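Worksheet for the structure shown next.
What follows draws every value from the coordinates through simple rules; no lab data is involved. Since this is a predicted model, take the numbers as computed values, not measurements. Glycine also receives a Cβ, built like all others from the backbone with ideal geometry; neighbour counts cover every protein chain displayed.
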Amino acid sequence: MTSNSRPEHLARTLRGEPVTLLEAISEALFEEMERDPSVFLMGEDIAVYGGAFKVTRGFLDHFGAERVIDTPISEAGFTGAAAGAAHMGLRPVVEMQFMDFISPAYDVITNYLATSRYRGSGSVPVVVRGPVGGGNRGGPFHSQNVEMAFFHTPGLKIVYPATAYDAKGLMKSAIRDDDPVIFEEHKSLYRAPHLREVLPAEDYTVPLGKARCAREGTQVTIVTYGAMVHTSLEAAAALEKDDGVAVEVLDLRTLLPLDDEAVAGSVKKTGRLLIVHEDTRTGGIAGEIAMRVNEQAFEWLDAPILRVTAIDSPVPYAGGLEDYFLPRVSDIVTACRYLVEY
Amino acid sequence: MAGRDDAVDLYRALALHRAAATRLKSLRDQGRVPAAIRCGRGYEAVSTGAARALRAASDGSGDAVAPTPDNAGAFFVFGGTPLQFFRQHLACGSAPGRGREPGMCPIDVERGLVGPAALPGTMVEVMAGVTLAFRLRGEDRVGLVFSGEDETSTSAWHEGTNFAAARRCPLIVVVQAGTETSTGVHTRARGFAQKAAGYGVASASVDGGDVLAVHRAVEEAAARARSGQGATLVEARGCPVSRRALRAAGADRERHPYEHPPDPAARFRVRLIEERIARASDLDEVERRARAAVRSACEQALGESPPADEYALGGVYDGDPGTPPWYRLEPPERGLALASTT
């Protein structure tokens, strides 16, 4: 593959230039479609318009309308169609314009896609991807994190990257995986300048189900993912500077399957665990992680397991309300200090 | 239309819609409301013509209407005020939604206003239920739901329409259709009115930019509904083409150059003058008053305070003001009791 064969904006890595998280996802999709003709895309406004966030800009011209398919507003319809195409040997990647809109497809994802292999109907390699998360004044219907609506469904995998490198490598793994994958992309990270990085020019993947140590520490473990990785890293830096506390930050990267070994290993090292997620509190992944640590590393704990999360409400529209709704650096600092002093 | 006064009243409603939509667009251009917000310019005729054909009341005895964000005129006809409109969009603490939700309004049962939801098609289902309640209670009331042409692709739109048809609900479903080109993006049918036969309901197809034609069609549909003949599908052609359709039609733009439909407000004005129903100076005064009312309301809303941050906590459950997370309290609560706090 040469840089001449692809649109200019999708050749940054080939030119050795840094890319944003959004561009990393675009590159992953593009390269997978080049590598494997069975990969194709469906979604609302993804072809002519290039997607609401422009993830697939330029794809239509390069791959044609048979592989970059604009759909009506019909999340249930095109996700179900993706299942059928997957049965026939294709590898569809469907875009939810906002992941909030995945709800009409809940039936086909949980009752059909997720159960297909178990029911003996074979694998359905479908990736359902789209933007999630708050902080953009989108209000209740354009800001949600959807992971826990699907976390309880055996048969699904859930991926939620925090860096450009991981986004590209995880997307490739998701597309190559033979099980259905829900791939969440935080809007605030899409074009965040500080996340721009130079990626390897050669093909690489990041394995699903493996966490990443984003910062090493010895006194408190923060387990987190998505945009909260960066909020947690900011808090960890502040704690080291102001309190001399060494915080380890573990980026889950994949929520399902969870990397139990990495979580328990870090907790056994630090003895204190704080779980941070942007998703709302009740029924959030913190509860599941706390239970697993209780089962696997209880004797190593020196303090109760705590969590910092969004509050239990819909995502509000007004700026002040949304800022209050979301977890803050100061929340994480407060919780870590509590753990250290316990 | 019964006479001159009715016609001028209708123009008054239409002018208020236009003034509010124009001011909202300015706020959007100034970055004071989110860029994605819909202003409703070009929907004046369908909004006011349809709503004025119903019975608005403020004591819970009138008809019900579910406007989309494009249908400010219907909101005003049913008793919503410009001040409420701008408070809601500007996320004021005094807004009906208290800054928690963007868009036009939450539900006002007394006035028969049923607030829009973001997920396309959902309000057709909801209004099927609203009108089912009317029928079950033997009330002489009807409901009307506006939907964009793109919404007709959703499961929710189909299921809601079919439910209303099957249960003979007194519901009027107005599809705000664009041009022939845009219609082709959403359906292979020649028009949305054709779909009515499949549901077994009556239909009408009218020029959505002709306020009197819309009024007449909805008046007839309401009469059918009140006489127990069930739902009607009204296709209002020539509404502004949805952004989605514009995008999807982009590849064919040379073959199908998009032309904005004629300005419905100007059309009605010309007609009123040409048919000697009103003088230009009278209509100028109507427009001036509408702009003044909108300007005053907008200025007041801009001067009002946002909701208190803690307001994000409440309103999730009846009577529950919500509890701040422990790490937001000063000083943070300590000890084993922590486990019982949010």
Using Cα springs under 10 Å in a Gaussian network model of chain A, which residue among A:His277, A:His142, A:His194 shows the largest mean-square fluctuation? A:His194
Percentage relative contact order, chain B, counting C-alpha pairs under 8 Å, at least six apart: 20
R0 of 30 Å, Cβ-Cβ distance A:Tyr106-B:Tyr317: FRET efficiency to nearest 0.05: 0.80
Could you give me the ³J(HN,Hα) list for the range A:99-112, computed from phi with Karplus coefficients 6.51, -1.76, 1.60 and θ = phi - 60°, whole Hz, x at Gly and Pro? 5, 4, 8, 6, 4, x, 8, 4, 4, 5, 6, 7, 8, 10
Using DSSP loop states and a limit of at most 12 other Cβ atoms within 10 Å to flag trypsin sites (Lys or Arg not before Pro), what is the longest stretch of chain A containing no flagged site? A:120-342
Dipole-positive endmost among A:Met88, A:Met228, B:Val65 within the protein assembly as shown (Cβ charges, Cα centre): B:Val65
Calculated FRET efficiency, B:Glu139 and A:Asp178, Cβ-Cβ r, R0 56 Å, to nearest 0.05? 0.50
Explain nothing, just the number: dipole magnitude of chain B about its Cα centre with +1 on each Lys and Arg Cβ and -1 on each Asp and Glu Cβ, in debye rounded to the nearest 20. 520
Can you tell me which of A:Leu306, A:Leu189, A:Leu256 moves the most in a GNM of chain A? Springs connect C-alpha atoms under 10 Å apart. A:Leu306
Count the net charge of all other residues whose Cβ sits under 10 Å from the Cβ of B:Leu313, scoring Lys and Arg as +1 and Asp and Glu as -1. -3
Of all DSSP beta bridges having both residues in chain A, the percent classed as antiparallel (nearest 5) is 15
Kindly give Rg over Rh for the range A:212-341, based on alpha-carbon atoms, with the Kirkwood expression for the hydrodynamic radius. 0.95
What distance in nm lies between label points placed 7 Å from Cα along the C-beta direction at B:Gln30 and B:Asp5? 3.8
In whole Hz, with x marking every Gly and Pro, tabulate ³J(HN,Hα) for the range B:232-240 from phi via Karplus 6.51 cos²θ - 1.76 cosθ + 1.60, θ = phi - 60°. 9, 9, 10, 9, 9, 7, x, 6, x
Using a Gaussian network for chain A with springs between C-alpha atoms less than 10 Å apart, which of these wobbles most: A:Met148, A:Met88, A:Met171? A:Met88
May I ask you to evaluate 6.51 cos²θ - 1.76 cosθ + 1.60, the Karplus curve with θ = phi - 60°, for each residue of the range B:117-130 and list the ³J(HN,Hα) values in order in whole Hz, giving x for glycine and proline? 10, 6, 6, x, x, 4, 6, 5, 4, 4, 6, 4, x, 4
Full-stretch length increase - A:Tyr204, A:Ala65 - with 0.36 nm per residue and alpha-carbon distance subtracted: 47.3 nm
Evaluate the relative contact order of the range A:3-195 (contact order divided by residue number), counting alpha-carbon pairs under 8 angstrom at least 6 apart; express in whole percent. 24
Spin-label pair B:Arg216/B:Arg167, simplified geometry with 7 Å Cα→Cβ offset, distance in nm: 3.3
Virtual spin-label span in nm between A:Arg328 and B:Glu299, 7 Å along Cα→Cβ: 3.5
If one computes the Cα centroid of the range B:67-125 and of the range A:1-65, what distance in Å separates the two points? 39
Environment charge of A:Ser123, counting only residues whose C-beta is closer than 10 Å and scoring Lys/Arg +1, Asp/Glu -1: -2
Subtracting the Cα-Cα distance from 0.36 nm times the residue separation, let me have the gained length for B:Asp284 to B:Glu110 in nm, one decimal. 59.3 nm
Going by amide H atoms built from the backbone, whose H comes under 5 Å of the H on A:Met42, apart from near neighbours? A:Ile69, A:Val93, A:Val94, A:Glu95
A:Glu278 long-range amide H proximity, modeled H, under 5 Å: A:Met228
As an exercise, use a Förster radius of 35 Å and the Cβ-Cβ distance of A:Glu197 and A:Glu240 to find the FRET efficiency, rounded to the nearest 0.05. 0.95
